Each structure stands twice: as C-alpha cells, then as structure tokens.
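Okay, structure first, notes after.
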Amino acid sequence: MRSNFTFSTCNQADHGLPTDRCNSPVTIDLKSDGHIHTRFCNHASGEMEDYVRVALAKGLESIIFLAHLEAEIRYFERTWLTGTDFDSFFQEGNRLREKYQGALIINLGVEAGFNPSAVARLREMLARYPWDRVGLSYHFFSDGKRHFNMVSRRRKNMIGLAALGLHRVLSGYFAGLIQAVQKIDGHVLCHIDAVMRHYPHLSFDKSHWRQVEQLLDLVAQKNMGLELNTSGFAIRGEPYPCQRIVTMAVRRNIPLIPGSDAHRPDQVGRYFDRLPEFLAPGSPAQ
Ligand SMILES: [Zn+2]
Ligand SMILES: [Zn+2]
C-alpha cells in the first residue's frame, strides 16, 4: 500500500473562484492507524500486542490506541475502561513502545465519549494521564434516567432511542458534539456521522446539516482533525464521514486522519486501500 495520498476537492472549472479561495491539497497518512481498541474496553478482543503484530505485518509505521473513556453513564454493561484498566493500558503500552522501538511508533490515546452532564468529571479523568491523542466522540444519549447507545444495533437501544424520537436524538447528538468540542480539548473528532447508523431510513434534515457546519467550523477553529473512520466501509460502503462531510471539512482545511476503529486485531488498517478512490474517484495513481 502507498504511504500517503494527496488530493484536492477543488476543481476551478466548477466553481470559477480564484486559486487563493481554493482549499489546499490534502494529504492523508495511510501508514498510520489512528483508532485502535483492545480487550480492555470489554467489547473488543485481543491483547495490545496482538494489534501491534498485525500492524507490523500490514506494513504500518504507527498506530494509536484510542481506549474508551466514559463518565457517569447509566448503562446495563460497562463498555469502557476503569481507572485500573487505564493503569494497565499505560503499563503495557509503555512496555510495547520499548519492545518495538524502531519498528513501529505506538501512541497511547483515549476516545473520550462526551456526556453533557459530566463535563467536569471527563476533564478530570483526561487530566490524569499523558495521552498522545485525545479523540472526541459521543455514544450515549440520556432520557434523563438511563443511557442508550447511539451506535449500537441492540434492540433495547434501538427501541429506546426510537421512543425518544430519532430526529430529536440526532439534533441532541450534534448539539452534544458541539459542546464537546467547545468544552474539551481534543485532537480529533471521531466518526462524526456513525451515530444512528443502524436506522437506514433516517437522514439528516436541513437543521442537522446546519449543526454539522457549525461543528466543523469549531473543529477548524480549534485546530482539530477529523477522523476518516474506515469501519464504515463494512457497513455502508464508505467511511464515517460520508463524502459530503469530507468535502465540507476539506474546504475548511481540516486534516483528515484515517482510523480503523479495530475491535479485533485483524481489523487494524482495514479498508485503508479504499480511501484514495473514495476521496478522489478516478484520480491517477501517484
Ligand atoms: Zn468500541
Ligand atoms: Zn466510538
């Protein structure tokens, strides 16, 4: 696989703008997987070292473990790390960093799940460790009594969210992410449109698109990156986010960061080879 890929969404013939109004060409690093889980979160399998071995076998140059952190979530099972888990995560991660020095760059990061009711707690937990990367996402939506997972296909989540009203949940999701970016210092916004992915008939309306615009403006202002989450290829044939959001991000010069969201070792770097064609269909090979 090639190391990186450069493309531009600007076609002057299309928009007739002077070149200084064009976005700069975007380069994505195809040798770095920016989103990897491990068994520590309770819903992924495999030791950290299993993921490292696959990354090496696939010729990657760097990986970023992005361990699930959640705060004050009322849910029937734990799908994130405890404090003790994070201690073990750093201990093992540091051991691997030393062992594989020179062969693979290993970064230790966190996928911080937003909770509008637990901002102080999230900040406090984030301040405890020396993260190489902080990814922001928003998984759990509250009805005031308990939480439902917006990226789950489990019946109890799907029924619970439908009862709240899907349009309302989606608006609440984007409002939450806007707050997350404002209130928490992160490096990258994760899988922006993966939420509600198991409701195939649900589509964004104009108000949601306005929220996406506002969110991307903030991401650009805070110099954050936007994740190209390749797990989407398995579910809908394109990454999270979709083409339209990628174009909106590129126009704002937001860096795009590929991540597999691997929950099994063999998923490291999955579908990265499909990104060039997705980003610039028919573009000549470099
Ligand atoms: Zn997960
Ligand atoms: Zn996530």
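Tally up the residues in the stretch 240-286 that are more than 16 Å from ligand 1 (Cβ to nearest atom), assigned to a loop (DSSP other than H, G, I, E, B) and either over 16 Å from Lys31 (Cα atoms) or modelled with pLDDT under 95 (or both), please.
Result for the stretch 240-286: 12.
Just checking, how many residues over the stretch 149-202 are modelled with pLDDT of 95 or more and of a type in the set (Phe, Trp, Tyr)?
2
Looking at the structure I just gave you, is Arg197 out of contact with any Lys or Arg (no Cβ under 8 Å at 6 or more places or on another chain) and either β-branched (Val, Ile, Thr) or surrounded by 14 or more Cβ atoms within 10 Å (Cβ to Cβ) (or both)?
no
Any idea which of Leu122, Leu108, Leu96, Leu81 is in contact (Cβ under 8 Å) with a residue 40 or more places away in the chain and touching a Gly at 6+ places or on another chain (Cβ under 7 Å)?
Going through Leu122, Leu108, Leu96, Leu81 in turn, just one is in contact (Cβ under 8 Å) with a residue 40 or more places away in the chain and touching a Gly at 6+ places or on another chain (Cβ under 7 Å): Leu108.
Check whether at least one residue in the stretch 27-34 is within 16 Å of ligand 1 (Cβ to nearest atom) and modelled with pLDDT of 95 or more, and report yes or no.
So far as the stretch 27-34 goes, yes, one or more of its residues are within 16 Å of ligand 1 (Cβ to nearest atom) and modelled with pLDDT of 95 or more.
How many residues are part of a helix (DSSP H, G or I) and not charged (D, E, K, R) if we restrict to the stretch 188-236?
Pass one, the stretch 188-236, residues part of a helix (DSSP H, G or I): 206-221, 232-236.
Among the residues that remain, those that are also not charged (D, E, K, R) are: 207-209, 211-212, 214-216, 218-221, 232-235.
Total satisfying the criteria: 16.
Look at the stretch 223-258 and say how many of its residues are more than 19 Å from Phe5 (Cα to Cα) and of a type in the set (A, V, I, L, M, F, W, C).
Residues that pass the stated criteria total 3.
Would you confirm whether any residue within the stretch 240-259 is polar (S, T, N, Q) and crowded, with 24+ Cβ neighbours inside 10 Å?
The answer is no, given that none of the residues of the stretch 240-259 is polar (S, T, N, Q) and crowded, with 24+ Cβ neighbours inside 10 Å.
Residues that are closer than 18 Å to Leu226 by Cβ and either in contact with a Lys or Arg (Cβ under 9 Å, 6 or more places away or on another chain) or of a type in the set (D, E, K, R) (or both): does the stretch 115-128 have at least one?
Checked against the condition, which is being closer than 18 Å to Leu226 by Cβ and either in contact with a Lys or Arg (Cβ under 9 Å, 6 or more places away or on another chain) or of a type in the set (D, E, K, R) (or both), the stretch 115-128 yields no hits at all.
Counting only residues that are away from ligand 2 (no atom under 14 Å from the Cβ) and either touching a Pro at 6+ places or on another chain (Cβ under 7 Å) or of a type outside the set (Gly, Ala, Ser) (or both), how many does the stretch 158-197 have? Walk me through it before giving the result.
So in the stretch 158-197, the residues away from ligand 2 (no atom under 14 Å from the Cβ) come out as 158-172, 174-175, 178-179, 181-185, 187.
After this cut, where a residue has to be either touching a Pro at 6+ places or on another chain (Cβ under 7 Å) or of a type outside the set (Gly, Ala, Ser) (or both) as well, the list is 158-159, 161, 164, 166-170, 174, 178-179, 181-185, 187.
Adding up the residues that qualify gives 18.
Could you tell me which numbered condition Leu164 fails, if it satisfies all but one of (1) surrounded by 13 or more Cβ atoms within 10 Å (Cβ to Cβ); (2) away from ligand 1 (no atom under 16 Å from the Cβ); (3) within 23 Å of Leu69 (Cα to Cα)?
With (1) surrounded by 13 or more Cβ atoms within 10 Å (Cβ to Cβ); (2) away from ligand 1 (no atom under 16 Å from the Cβ); (3) within 23 Å of Leu69 (Cα to Cα) applied to Leu164, the lone miss is (3).
Restricting the search to the stretch 74-117, which residues are among the small types (Gly, Ala, Ser) and away from ligand 1 (no atom under 16 Å from the Cβ)?
Gly83, Ser88, Gly93, Gly102, Ala103, Ser117
Take Phe65 and tell me if it is touching a residue at least 40 places away in the same chain (Cβ under 8 Å), part of a helix (DSSP H, G or I) and within 15 Å of ligand 2 (Cβ to nearest atom).
The answer is no for Phe65.
Of everything in the stretch 134-156, what is charged (D, E, K, R) and more than 16 Å from ligand 1 (Cβ to nearest atom)? Give them in sequence order.
Of everything in the stretch 134-156, those that are charged (D, E, K, R) and more than 16 Å from ligand 1 (Cβ to nearest atom) turn out to be Asp143, Lys145, Arg146, Arg155, Lys156.
Given the conditions (1) in contact with a Cys (Cβ under 8 Å, 6 or more places away or on another chain); (2) surrounded by 13 or more Cβ atoms within 10 Å (Cβ to Cβ); (3) at pLDDT below 95, which single one is not true for His68?
Single failed check for His68: (3).
The values are calculated or read from the model by the stated rules, or taken from the named source; none is laboratory data. None of the values given here were measured: they were computed from a predicted structure. Reconstructed Cβ throughout: ideal geometry from the backbone, glycine too, with neighbour counts over all protein chains shown.
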